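The values are calculated or read from the model by the stated rules, or taken from the named source; none is laboratory data. Just so you know, these numbers come straight off a predicted model, no measurement behind them. All Cβ positions, even for glycine, are placed from backbone atoms using ideal geometry, and neighbour counts span all protein chains on display. Ligands, DNA and RNA are stripped out before the accessible areas are found, and what is left, the full protein with its side chains, is counted by its heavy atoms. Shrake-Rupley method; radii C 1.70, N 1.55, O 1.52, S 1.80 Å.
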Amino acid sequence: MENGAAQPPVIVAIDGPSGTGKSSTSKAVAARLGLRYLDTGAQYRAITWWMVSNGIDVADPAAVAAAAGKPEIVSGVDPADPTIEVDGVDVAGPIRTQDVTSKVSAVSAVPEVRTRITELQRSIAAGAEGGIVVEGRDIGTTVLPDADLKVFLTASAEARAARRSGELKGADVDATRAALIKRDAADSGRRTSPLAKAGDAIEVDTTELTLQQVIECVITLVEEKRAGK
Ligand code: DC
């Protein structure tokens, strides 16, 4: 850009299953390029945490649908300090528990939940000065189909399980792999906006790549887009 003029805002959608390095990659890309960052999985986890905390039976889609409009979810979009609050409570820790992780697919499959969270995501993206990196499962297909760049991260089930067990500080790899495959199958098989690669998304297989290599790859893709290549 000439004379240091600001770059036009750019919207980057990064989708893929768990354990592909989506969060670490998205945060690092946003930080390097001066963009905002939105973790949409955290929003689905937050609404799940609220349902569990308020005694809603998450196995009952009608009960979940009836309560979907109640919690107020606020996401902080600074990649250096992404925050998540429900009704004014910081839930960054509680949303990562095994209990929430095992229930989030059921809650996020309910159409009323998806409509509510999708609206929130679109308003955050529209208000993000300078642009934003949004990570999730249905960002390129449903939430932001007009994103400037869509990336779909993949990795073998073995690599994903190994990474997740590392994050969970040495959790059993076989059990992690089984839980991960079950959650991905639920997220890919649901009727409303399943985990899917958009037709115009660029697929990056991260199995053999380091996190740094994935970050550099996505930054190059954003820069190429901006240069009009
Ligand atoms: O990225 P994560 O593991 O924190 O996501 C938690 C769950 O949220 C995931 O299993 C499915 C759901 N999710 C979704 O349905 N759509 C998104 N855009 C992001 C996450």
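Hey, can you tell me all the residues within segment 176-213 that are more than 19 Å from VAL143 (Cβ to Cβ) and among the hydroxyl-bearing types (Ser, Thr, Tyr)?
THR176, THR206, THR207, THR210
Residues in segment 197-205: is at least one more than 16 Å from the ligand (Cβ to nearest atom) and over 30 Å from GLU112 (Cα atoms)?
Within segment 197-205, one or more residues are more than 16 Å from the ligand (Cβ to nearest atom) and over 30 Å from GLU112 (Cα atoms).
Would you check if GLY34 is under 25 Å from VAL12 (Cα atoms) and more than 16 Å from the ligand (Cβ to nearest atom)?
It is true that GLY34 is under 25 Å from VAL12 (Cα atoms) and more than 16 Å from the ligand (Cβ to nearest atom).
Hand me the list of helices (runs of 4 or more DSSP H) wholly inside segment 128-229 holding 1 or more residues that are closer than 15 Å to SER26 by Cα and charged (D, E, K, R).
211-226
What residue, among those in segment 108-117 that are within 12 Å of the ligand (Cβ to nearest atom) and more than 25 Å from ARG36 (Cβ to Cβ), is most open to solvent (accessible area, probe 1.4 Å)?
PRO111
Restrict the check to segment 47-70 and report whether at least one residue is within 12 Å of the ligand (Cβ to nearest atom) and of a type in the set (Gly, Ala, Ser).
Taking every residue of segment 47-70 in turn, none turns out to be within 12 Å of the ligand (Cβ to nearest atom) and of a type in the set (Gly, Ala, Ser).
Just to be sure before I move on: is ARG122 near the ligand (Cβ under 10 Å from one of its atoms), under 15 Å from the mean Cα position of the chain (by Cα) and part of a helix (DSSP H, G or I) in the structure I sent? Don't jump to the end; show me each part of the working.
Values: near the ligand (Cβ under 10 Å from one of its atoms): no; under 15 Å from the mean Cα position of the chain (by Cα): yes; part of a helix (DSSP H, G or I): yes.
Spelling it out, it is not the case that ARG122 is near the ligand (Cβ under 10 Å from one of its atoms), under 15 Å from the mean Cα position of the chain (by Cα) and part of a helix (DSSP H, G or I).
Given the criteria in contact with a Ser or Thr (Cβ under 8 Å, 6 or more places away or on another chain) and away from the ligand (no atom under 13 Å from the Cβ), does GLY16 qualify?
no
In segment 163-172, what residues are within 17 Å of the chain's Cα centre (by Cα) and open to solvent by 80 Å² or more (accessible area, probe 1.4 Å)? Let's see the steps before the verdict.
Of all residues in segment 163-172, those within 17 Å of the chain's Cα centre (by Cα) come to 163-164, 167.
Scanning segment 163-172 gives a single hit, GLU167.
Being over 10 Å from SER105 (Cβ atoms), within 18 Å of the chain's Cα centre (by Cα) and open to solvent by 60 Å² or more (accessible area, probe 1.4 Å) is the filter here; which residues of segment 173-186 pass it?
Of everything in segment 173-186, just one residue is over 10 Å from SER105 (Cβ atoms), within 18 Å of the chain's Cα centre (by Cα) and open to solvent by 60 Å² or more (accessible area, probe 1.4 Å), namely ILE181.
Cβ-Cβ below 6 Å, separation at least six or inter-chain, first residue in segment 103-118 and under 14 Å from TRP50 (Cα atoms) and of a type in the set (Gly, Ala, Ser), second open to solvent by 10 Å² or more (accessible area, probe 1.4 Å) and part of a helix (DSSP H, G or I): which pairs?
Pairs that qualify, where the first residue is under 14 Å from TRP50 (Cα atoms) and of a type in the set (Gly, Ala, Ser) and the partner is open to solvent by 10 Å² or more (accessible area, probe 1.4 Å) and part of a helix (DSSP H, G or I), are SER108/TYR44.
Between GLY189, GLY199, which is free of Cβ contacts under 8 Å to residues at least 24 places away in the same chain and open to solvent by 70 Å² or more (accessible area, probe 1.4 Å)?
When all the criteria are applied, what remains is GLY199.
Would you call ARG137 among the basic types (Lys, Arg), in contact (Cβ under 8 Å) with a residue 60 or more places away in the chain, within 30 Å of LYS229 (Cβ to Cβ) and within 13 Å of the ligand (Cβ to nearest atom)? Steps first, please.
On the way: among the basic types (Lys, Arg): yes; in contact (Cβ under 8 Å) with a residue 60 or more places away in the chain: yes; within 30 Å of LYS229 (Cβ to Cβ): yes; within 13 Å of the ligand (Cβ to nearest atom): yes.
Yes: the conditions hold for ARG137.
Look at THR220 and say whether it is hydroxyl-bearing (Ser, Thr, Tyr), open to solvent by less than 20 Å² (accessible area, probe 1.4 Å), under 30 Å from PRO9 (Cα atoms) and modelled with pLDDT of 95 or more.
On the way: hydroxyl-bearing (Ser, Thr, Tyr): yes; open to solvent by less than 20 Å² (accessible area, probe 1.4 Å): no; under 30 Å from PRO9 (Cα atoms): yes; modelled with pLDDT of 95 or more: yes.
No.
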